[in-house]
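Novice: Here it is, the structure in full.
The values are calculated or read from the model by the stated rules, or taken from the named source; none is laboratory data. The shown structure was predicted, so the numbers you read here are calculated from the model rather than taken from an experiment. Please note: Cβ atoms are built from the backbone with ideal geometry, for glycine as well, and neighbour counts cover all protein chains shown.
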Amino acid sequence: MRFGTRSETVERLHCQRYLPDDMKKILLVEDNEMNRDMLSRRLQKRGYEVLIAVDGQQGVEMAQSQSPDLILMDMSLPVMDGWEATRALKSATTTKHIPVIALTAHAMSTDRDKAIEAGCNDYDTKPIELPRLLEKMEMLIGPIGNDFRTENESS
Amino acid sequence: MSELPKPIEERIQHMLPRNLLHDLRTPLGHILGYAELLIEEMQASGHEEFIPHVEKIRKAGRKLVEMMTDNFQSK
């Protein structure tokens, strides 16, 4: 079998199925390269446009310049961590309306509280369970259209 | 680990470096995420005969996450 590169995949999705204006834009703020690759590819397959930032500072800047529909924010980030970045986003008039879902590797309830306190709209733990995350995303920004769900979305 | 007497379980927890359980979740996430991505790619490209093998990797990974969450919640 042959795996397309990420840009080929995106291009194919754009050409065959979408006008770019119809796509929901997700900003993924994640410092781990493999997590970025994995999650962005899986979200693109489902019809989302994915923008990438590699630290909290860049995440805040890109949220301001790109106005994404939703932000997936890793919490342990270099330069500026996810909590600080979320507080910055939620205190700026241009970005405070953008929903933020916190992603952390800790599964403790105090972590959830800390994320919500920083202004995150929702919270999910790593390793990501994609169907669960997609559900949370849809709760915040609505469905993308069911034809793009893969058939076997079991966990 | 649930069969172990409590003191032993506590001793093991005490022996583990503080961030080890947290750190283990990252590579485990890669194994799971790429296994799931591979399954999606195989479904899309019609290579379904390999899916049961990858499914075994995915299930083992999920089991490991479950065990870590149930028995060794990071402090």
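Novice: Can you find even one residue in region B:4-25 that is facing another protein chain (nearest Cβ under 9 Å) and at pLDDT 90 or above?
Specialist: No, region B:4-25 contains no residue that is facing another protein chain (nearest Cβ under 9 Å) and at pLDDT 90 or above.
Novice: Something else now. Suppose we filter region B:45-75 for residues that are within 8 Å of chain A (Cβ to nearest Cβ) and of a type in the set (A, V, I, L, M); how many remain?
Specialist: The qualifying residues number 1.
Novice: So A:Asp147 fits all but one of (1) modelled with pLDDT of 95 or more; (2) surrounded by fewer than 17 Cβ atoms within 10 Å (Cβ to Cβ); what number is the exception?
Specialist: (1)
Novice: Something else: Consider region A:92-110. How many of its residues are in contact (Cβ under 8 Å) with a residue 24 or more places away in the chain, outside any loop (DSSP other than H, G, I, E, B) and surrounded by fewer than 17 Cβ atoms within 10 Å (Cβ to Cβ)?
Specialist: 0
Novice: Would you pick out the residues in region A:60-84 that are outside any loop (DSSP other than H, G, I, E, B) and more than 17 Å from A:Lys126 (Cβ to Cβ)?
Specialist: Result: A:Val60, A:Glu61, A:Met62, A:Ala63, A:Gln64, A:Ser65, A:Gln66, A:Leu70, A:Glu84.
Yes/no per residue for (1) among the hydrophobic types (A, V, I, L, M, F, W, C); (2) closer than 24 Å to B:Tyr34 by Cα:
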| position | (1), (2) |
| --- | --- |
| A:Ser40 | no, yes |
| A:Glu49 | no, yes |
| A:Ile52 | yes, yes |
| A:Gln57 | no, no |
| A:Gly82 | no, no |
| A:Arg87 | no, no |
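Novice: Out of region A:100-115, which residues are modelled with pLDDT of 85 or more and within 19 Å of A:Met80 (Cβ to Cβ)?
Specialist: A:Val100, A:Ile101, A:Ala102, A:Leu103, A:Thr104, A:Lys114, A:Ala115
Novice: To continue, here is another question. Quick one: is A:Met62 under 18 Å from A:Met139 (Cβ atoms) and among the hydrophobic types (A, V, I, L, M, F, W, C)?
Specialist: Answer is no for this residue.
Novice: Next question, about the same structure. Looking at region A:92-107, which of its residues are within 14 Å of another protein chain (Cβ to nearest Cβ) and either more than 21 Å from A:Leu39 (Cβ to Cβ) or touching a Ser or Thr at 6+ places or on another chain (Cβ under 7 Å) (or both)?
Specialist: Once the filter is applied, which keeps residues that are within 14 Å of another protein chain (Cβ to nearest Cβ) and either more than 21 Å from A:Leu39 (Cβ to Cβ) or touching a Ser or Thr at 6+ places or on another chain (Cβ under 7 Å) (or both), region A:92-107 yields A:Thr104, A:Ala105, A:His106, A:Ala107.
Novice: Among the candidates A:Leu51, A:Leu72, A:Leu133, A:Leu89, single out the residue that is away from every other protein chain (no Cβ under 14 Å), under 23 Å from B:Gly29 (Cα atoms), surrounded by 13 or more Cβ atoms within 10 Å (Cβ to Cβ) and at pLDDT 95 or above.
Specialist: A:Leu51
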